[in-house]
Amino acid sequence: MLQSMRIRGGQPLNGEVAISGAKNLALPALAASLLTESKVILKNVPKLVDIRSMLELLDHLGCNIDCFEPNSISISTNNLKSTDAPYDFVRKMRASILVLGPLLSRFKQATVSLPGGCAIGTRGVDLHIKALQLMGAQISIENGYIKAQANHGLCGCDIAFPIVTVTGTENVLMAAVLAKGMTRLINAAVEPEVVALCRLLNNMGANIKGHGTSIIEIEGAQSLHGTEFEIIPDRIEVGTYAIAAALTSGKLLLKNCIYDDLTTVFETLQNCGIVFEKQDKNILVYRKEDIKPIDIQTMPHPGFPTDLQAQYTVLMSVSCGTAAITENIFENRFMHIPELNRMGANISVHGKTAIVTGVKKLFGAQVMATDLRASASLVLAGLIANGKTVVNRLYHLDRGYAEIDKKLTECGAVVERFSV
């Protein structure tokens, strides 16, 4: 049954929020376990629908999986029985494509369905395929499946990405760690999750240098071994709850954060009038004044992340002026705006830019989530709206926010999950 969330707005959020592990690292880290027959133990793995989907795929491939508290997962691939990732598993989320590089590199073959996930743009996998072909893979697309072979193994080479691609960088990284010779990734992604994935792979015996810069060098290894690794905090969850604190005129202590992973976001929000106080690994967030309108453009890291654009749009919708929000990463990532306008927001879209004029109040309404981050923005809007808001298609939210209704309730929100 589909689930929805009913929200009674107007309650300030006060208290503590324990930030979960980063979904955007946990997913490639789970895929990386395919690179060794030894046991890989991942800690601080978030409890999310996307994680469950990836585990179901790994189980289908024949991995031995053990889950134990607190939030730890052990994966062993010594009895792998398949290199095929079928549509029924991959259709649920785009990150499933991340098994392609590890399977092809270690087993010299892979058949992976073209992926699904959020409807926020084309997000094609052509950059992944072209890079693997440069490394010697023979790849064809047949009946909705990527069929790849590298009978003599992959070979290192220079790969220059025409645009920055996070999953493309991650997929080719994992393919390159067992390839023959040196691979150089040029115009590589520098997101904190990519850097952390490189640390995990190096812990497994890979030889990766330059991560955190636009040129990453990978010297292929004969084999990798197991390791234990802790997933970094989810910076998008940090940003979402920081915006929630500001919107509701509350005060939240966000526990287990890496401040430097969100420098641009924090600087932008400070310019909006929001206060951040660092306390070791925790951050206290609140505001003392009206929300100022500040223009943003989404960019690859270290720019303003596209995954916080929808939440920031809600913040600007109740600012004391007008702000321009330009989306440079995904072409369809304004689908939350008609829903916000139904709640009384004043937002117009001109190409890839949304012009947001602040209003004094939003009003509760029935709204429909269209993707993961849009769903978070509608929950934020519901928290400050007059009356009751019902957010439908809650499964999008559960793909990326662990126990969000529980966390919000513990901080004073009035939210209720129900089936429809």
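The values are calculated or read from the model by the stated rules, or taken from the named source; none is laboratory data. These numbers were taken from a predicted model, which means no experiment stands behind them. All Cβ positions, glycine included, derive from the backbone under ideal geometry; neighbour counts span all protein chains shown.
Here THR326 passes the criteria (1) surrounded by fewer than 17 Cβ atoms within 10 Å (Cβ to Cβ); (2) over 30 Å from ASN78 (Cα atoms); (3) touching a residue at least 60 places away in the same chain (Cβ under 8 Å) except the one numbered (3).
Note on the range 126-185: among residues that are over 17 Å from VAL99 (Cα atoms) and among the aliphatic types (A, V, I, L, M), the one that is surrounded by the most Cβ atoms within 10 Å (Cβ to Cβ) is LEU185. Comparison of SER249, SER223 shows that the only residue that is in contact with a Lys or Arg (Cβ under 8 Å, 6 or more places away or on another chain), surrounded by fewer than 20 Cβ atoms within 10 Å (Cβ to Cβ), more than 15 Å from HIS301 (Cβ to Cβ) and not charged (D, E, K, R) is SER249.
Considering only residues of the range 385-420 that are β-branched (Val, Ile, Thr) and assigned to a strand (DSSP E or B), which is surrounded by the most Cβ atoms within 10 Å (Cβ to Cβ)? It comes out as VAL391. Look at the range 341-354 and say how many of its residues are surrounded by 20 or more Cβ atoms within 10 Å (Cβ to Cβ) and either outside the structural domain of VAL415 (by TED's automatic domain parsing) or over 26 Å from the mean Cα position of the chain (by Cα) (or both). So the count comes out to 2.
Look at ALA29 and say whether it is part of a helix (DSSP H, G or I), modelled with pLDDT of 95 or more and of a type outside the set (Asp, Glu). So ALA29 passes the test. Among all positions in the range 4-14, there is at least one residue which is of a type in the set (Lys, Arg) and in a strand (DSSP E or B). I'd like to know if the range 371-380 contains one or more residues that are under 15 Å from the mean Cα position of the chain (by Cα) and over 17 Å from VAL238 (Cα atoms). So far as the range 371-380 goes, yes, one or more of its residues are under 15 Å from the mean Cα position of the chain (by Cα) and over 17 Å from VAL238 (Cα atoms).
Filtered by the rule that a residue be in a strand (DSSP E or B) and surrounded by fewer than 24 Cβ atoms within 10 Å (Cβ to Cβ), the range 355-384 gives ILE355, THR357, PHE363, GLN366, MET368.
Close Cβ contacts (under 9 Å, 6 or more residues apart or on different chains) running from residues in the range 204-223 that are under 15 Å from SER105 (Cα atoms) to residues that are of a type in the set (Asp, Glu) and in a loop (DSSP other than H, G, I, E, B) comprise SER223/GLU37. If the condition is being under 26 Å from ALA189 (Cβ atoms) and of a type in the set (Val, Ile, Thr), then the range 209-255 contributes THR213, ILE215, ILE216, ILE218, THR227, ILE231, ILE232, ILE236, VAL238, THR240, ILE243. Within the range 360-372, residues that are under 11 Å from ILE7 (Cα atoms) sit with their Cβ atoms under 9 Å from residues that are modelled with pLDDT of 90 or more and in a loop (DSSP other than H, G, I, E, B), at 6+ positions apart or across chains, in these pairs: GLY364/GLY9; GLY364/MET343; GLY364/ALA385; GLY364/GLY387; ALA365/MET343; ALA365/GLY344; ALA365/ALA385; ALA365/GLY387. Of all the numbered requirements in (1) under 23 Å from LEU394 (Cβ atoms); (2) part of a helix (DSSP H, G or I), VAL45 misses one, and that requirement is (2).
Yes/no per residue for (1) of a type in the set (Phe, Trp, Tyr); (2) free of Cβ contacts under 8 Å to residues at least 40 places away in the same chain; (3) on the phi > 0 side of the Ramachandran plot:
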site: GLY10; (1), (2), (3): no, no, yes
site: LEU30; (1), (2), (3): no, no, no
site: LYS43; (1), (2), (3): no, no, no
site: LEU48; (1), (2), (3): no, no, no
site: ASP59; (1), (2), (3): no, yes, no
site: CYS67; (1), (2), (3): no, yes, no
site: PRO70; (1), (2), (3): no, yes, no
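Selection over the range 243-301 of residues that are among the acidic types (Asp, Glu), over 17 Å from ILE19 (Cα atoms) and either assigned to a loop (DSSP other than H, G, I, E, B) or in contact with a Ser or Thr (Cβ under 7 Å, 6 or more places away or on another chain) (or both) gives a count of 3. The residue pairs whose first member lies in the range 72-91 and is in contact (Cβ under 8 Å) with a residue 24 or more places away in the chain and closer than 20 Å to VAL45 by Cα, whose second member is acidic (Asp, Glu) and assigned to a loop (DSSP other than H, G, I, E, B), and whose beta carbons are closer than 6 Å, counting only pairs six or more residues apart or on different chains, are THR77/GLU37.
The set of residues in the range 304-329 that are in contact with a Ser or Thr (Cβ under 6 Å, 6 or more places away or on another chain) and part of a loop (DSSP other than H, G, I, E, B) comprises GLU327, ASN328, ILE329.
Please find, within the range 48-63, the residue that is surrounded by the fewest Cβ atoms within 10 Å (Cβ to Cβ) out of those that are touching a Lys or Arg at 6+ places or on another chain (Cβ under 9 Å) and assigned to a loop (DSSP other than H, G, I, E, B). Filtering the range 48-63 for residues that are touching a Lys or Arg at 6+ places or on another chain (Cβ under 9 Å) and assigned to a loop (DSSP other than H, G, I, E, B), the one surrounded by the fewest Cβ atoms within 10 Å (Cβ to Cβ) comes out as GLY62.
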